[in-house]
Amino acid sequence: MTRHPLPEPVIRAVTEADEAEIALLLASAFGQDAEAHLVNELRACGSLILERVSVDPDGTLEGYVAFSRVTGAGAAHRLAISCLAPVAVRPDRQRSGVGTQLIEAALADLRADGEDLVLVLGPPSYYPRFGFDAALAAKVSAPYAGTAFQALALSEAAPAAMPIEVDFATPFQAFD
């Protein structure tokens, strides 16, 4: 039996019409509503700076990624800093490359938009493939620490300004 590869997903910006389906995807992927609530709160306070979805050729939502503004203090106030959270893929499409494609496309968009630094709290076995590094994040004073807290410099300005102090958008306090 010949296996046919799945068609390439289309990665695009989020529209208002996607929001309900994104909430369902997040609840399905995480097994709870907390991440969907986080995204809604980030939207409501104007902190989301980039959202992308992956859709299959039939238009079915397969994955989602969001980036929100992080505020820097001191030397970091001149930097454009964001946080990658959340990223989710429909359970039946996980481990198919959808998440990787979403993150890579979104990071390329952030680079093109002049973002300096991206932070993430996630599995140390997953995010280094995109260039995220816990050692770089150790130079960032934030509510999070440890090997799961990772950073990716998108410009030379970010490492040159370190060490830095940052604050995450208020909705993240629900996860403390």
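FYI, it's all coordinate maths here, none of it is from the lab. Just so it is clear, the model here is predicted, and its values are computed rather than measured. Please note: Cβ atoms are built from the backbone with ideal geometry, for glycine as well, and neighbour counts cover all protein chains shown.
How big is the shadow of the Cα convex hull of region 81-176, averaged over all directions, in nm²? Walk me through the numbers before you get to the answer.
Values: hull surface 25.7 nm².
Mean orientational projected area (region 81-176, Cα hull): 6.4 nm².
At SER141 and GLU19, where each label point lies 7 Å from the Cα along Cα→Cβ, what is the point-to-point distance in nanometres?
3.7 nm
So how far apart, in nm, are the two label points at ALA174 and ALA75 if each is 7 Å from Cα heading toward Cβ?
For ALA174 paired with ALA75, the spin-label model returns 3.5 nm.
Given R₀ = 25 Å, what would the calculated FRET efficiency be for ALA148 paired with ALA44, taking r from the Cβ atoms and rounding to 0.05? Walk me through the numbers before you get to the answer.
Values: r = 27 Å, r/R0 = 1.07.
Rounded to the nearest 0.05, the efficiency is 0.40.
Using DSSP, restrict attention to beta bridges with both residues in the chain and report what percent are antiparallel, rounded to the nearest 5. It would help to have the intermediate numbers written out before the result.
Working: 27 of 32 bridges.
Counting only bridges with both partners in the chain, antiparallel ones make up about 85 percent.
As a test of the formula, what do you get for the chain when each DSSP H run with n ≥ 4 contributes -39,500 (n - 2.57) and the sum is divided by the residue count, at 222 nm and rounded to the nearest 500 deg cm²/dmol? Could the numbers behind the result be given before it?
Numbers: 5 runs with 47 residues, N = 176.
-7500 deg cm²/dmol, from helical runs alone.
Please give the contour-minus-distance gain from HIS37 to ALA108: 0.36 nm per residue of separation, less the Cα-Cα distance, rounded to one decimal in nm.
On the way: separation 71, 0.36 × 71 = 25.56 nm, distance 2.65 nm.
Full extension from HIS37 to ALA108 adds 22.9 nm.
At each listed q (0.18 Å⁻¹), what is the log10 of I(q)/I(0) that the Debye formula gives for the chain modelled as equal alpha-carbon point scatterers?
With one equal scatterer per Cα and no solvent, log10 I(q)/I(0) is -1.18.
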